[in-house]
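**Q** Attaching a single structure in C-alpha cells format; questions to follow.
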C-alpha cells in the first residue's frame, strides 16, 4: 500500500473549497483526545468546587454565573472541535483589526467602565465583561497567522522586526487601559510564537536583554517623570506598590504587602492535608483579598493543603504535556504555533499566579486557568480548548486513520 495514499486522499477531499465531506466530520468529532478531555473535566470540576467554597461567604460573587460560563464555554468548545482550524490561517489583517477594536472598546463612552485603576470593562445592560480577556483568543490567532505568513523563517532582522511589530500592537493597545497583567500575557504569547516560529536565538536573547533594560530604566525614570509632570506618568501608584512589595515584602504593610502576607498565611496554615473543604478561615473571615479570583490558589491550599495543591499541579502538568504532544504532531506550522501559544500562555499564568501568592513573582491580576472566578475567563479558556481540539481532530496524521 502506498504510504502517501491517505494523505493524497485528504488533499483530494480538501481540493473542493478546502472542506471535508460532512460524512467524515462525525468520525473526526468522535475521535477526541480522551486524555485531554479527562484532564480538562478534572480541572473544571476541581475549580468549581473551590470557587463554590470561596464565594459561599461573599455575596458579591455568583456561583451560578461561573457555572453558566462553564456551560457556554463547553458548548463553544464542542462546536470548535468540528471546525477546521486551517481556515483561520488566512485572516491576519482581520485578527489585527479585531484585536484593536476589542482592546480599545472600554475607552468608548457609555459602555466603557473603570475598576481597580484600569479601564478594562465593558457593560451592555446587565452584561459586563473584559474585552481584553476575549482578545487573548485573537492575539493567539494573530501570532500564529503572522508566523505562518513568514513560513517559520525569521532568520533575518527585517522579518523578525516585522513579525514582532505586528504582535506588539495588542500590547500597546492594552497598556492604554492600563492592564499590565494582561499585557504581560500578550508579550509572553508573542515570545512563544517567535521562538516556535524559527527566530534566531540571538534575536531572542537581545530582545530579552532589551526588556530587562527597559524595566530597569522604568524604575529609574518613573519618579523623575512623575515629579516633572506632577502626576503618574509611567506607573500607577498600585503598580509601583506591587513591584516594591515583590522586592521587599515588608513594604506597604496595609496594602499589597498585607495581601501577600495573608496569602502566605493561608497557604502555610493548610499544612499537608489542609483544614478541610469549606473550612478556609482566611477567606471566610475576609482576611484574604480577592479570594475567588486572584488568590484562589490560597483558598485551595488552605482547605486541601499541600496534597490538594500537588494534585492541581499534576493536572496542570498533564494539560501542558498533552498540548505539547498535539502541537508536535500537528502537520502544519499554523496549528503548531497556535497550540504552543495557548500552552505557553497557560503555563505563564500558572507560574505567575501561584508564584505571586508565594512571594516569588510580583502581584498582578493574572488569574489561574480553570480555577479563578470569572465567567468570561472560563469561556475564553474553553474556546482555546476548542481550538486545540480542532488542531487535534483535523490533523493529517489523525485523518489517515479514519481513511484506512
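**Q** Kindly evaluate residue 154 against the criterion of being more than 18 Å from residue 347 (Cα to Cα) and within 21 Å of the chain's Cα centre (by Cα).
**A** no
**Q** Within segment 346-383, count every residue that is under 10 Å from the mean Cα position of the chain (by Cα), surrounded by fewer than 20 Cβ atoms within 10 Å (Cβ to Cβ) and more than 21 Å from residue 321 (Cα to Cα).
**A** Adding up the residues that qualify gives 0.
**Q** Report the residue count in segment 334-355 for those that are in contact (Cβ under 8 Å) with a residue 24 or more places away in the chain and more than 18 Å from residue 385 (Cα to Cα).
**A** 3
**Q** Now for a different question. From the list 184, 221, exactly one residue is assigned to a helix (DSSP H, G or I), modelled with pLDDT of 85 or more and either surrounded by fewer than 20 Cβ atoms within 10 Å (Cβ to Cβ) or touching a strand residue (DSSP E or B) at 6+ places or on another chain (Cβ under 6 Å) (or both). Which is it?
**A** The match here is 184.
**Q** Could I ask something else about it? Just need a number here: residues in segment 300-316 that are surrounded by 18 or more Cβ atoms within 10 Å (Cβ to Cβ) and farther than 15 Å from residue 369 by Cα.
**A** Count: 6.
**Q** For segment 35-80, which positions are more than 23 Å from residue 304 (Cα to Cα), surrounded by 16 or more Cβ atoms within 10 Å (Cβ to Cβ) and more than 19 Å from the chain's Cα centre (by Cα)?
**A** Those that are more than 23 Å from residue 304 (Cα to Cα), surrounded by 16 or more Cβ atoms within 10 Å (Cβ to Cβ) and more than 19 Å from the chain's Cα centre (by Cα): none in segment 35-80.
For (1) assigned to a loop (DSSP other than H, G, I, E, B); (2) free of Cβ contacts under 8 Å to residues at least 12 places away in the same chain; (3) within 26 Å of residue 395 (Cα to Cα), each residue gets a yes or a no:
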{"residue": "54", "(1), (2), (3)": "no, no, no"}
{"residue": "64", "(1), (2), (3)": "no, yes, no"}
{"residue": "68", "(1), (2), (3)": "no, no, no"}
{"residue": "77", "(1), (2), (3)": "no, no, yes"}
{"residue": "89", "(1), (2), (3)": "no, no, yes"}
{"residue": "98", "(1), (2), (3)": "no, no, no"}
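Residue-wise test of (1) touching a helix residue (DSSP H, G or I) at 6+ places or on another chain (Cβ under 8 Å); (2) outside any helix (DSSP H, G or I).
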{"position": "155", "(1), (2)": "no, yes"}
{"position": "160", "(1), (2)": "yes, no"}
{"position": "167", "(1), (2)": "yes, no"}
{"position": "171", "(1), (2)": "yes, no"}
{"position": "177", "(1), (2)": "yes, yes"}
{"position": "199", "(1), (2)": "yes, yes"}
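**Q** With the condition kept exactly as written, say whether any residue in segment 108-117 is within 21 Å of residue 339 (Cβ to Cβ), surrounded by fewer than 21 Cβ atoms within 10 Å (Cβ to Cβ) and touching a residue at least 24 places away in the same chain (Cβ under 8 Å).
**A** No, that holds for no residue.
**Q** Taking the stated definitions as given, is residue 199 surrounded by fewer than 17 Cβ atoms within 10 Å (Cβ to Cβ) and at pLDDT below 90?
**A** No, not satisfied.
**Q** Quick test of your reading of the structure: residue 174 fulfils all but one of (1) without any contact (Cβ under 8 Å) to a residue 40 or more places away in the chain; (2) under 26 Å from residue 351 (Cα atoms); (3) under 23 Å from the mean Cα position of the chain (by Cα). Name the failing condition by number.
**A** (1)
The values are calculated or read from the model by the stated rules, or taken from the named source; none is laboratory data. Here the structure is a predicted model, which is why all the values come from computation and not from measurement. Ideal geometry is used to build each Cβ from the backbone, glycine not excepted, and the neighbour counts take in all protein chains shown.
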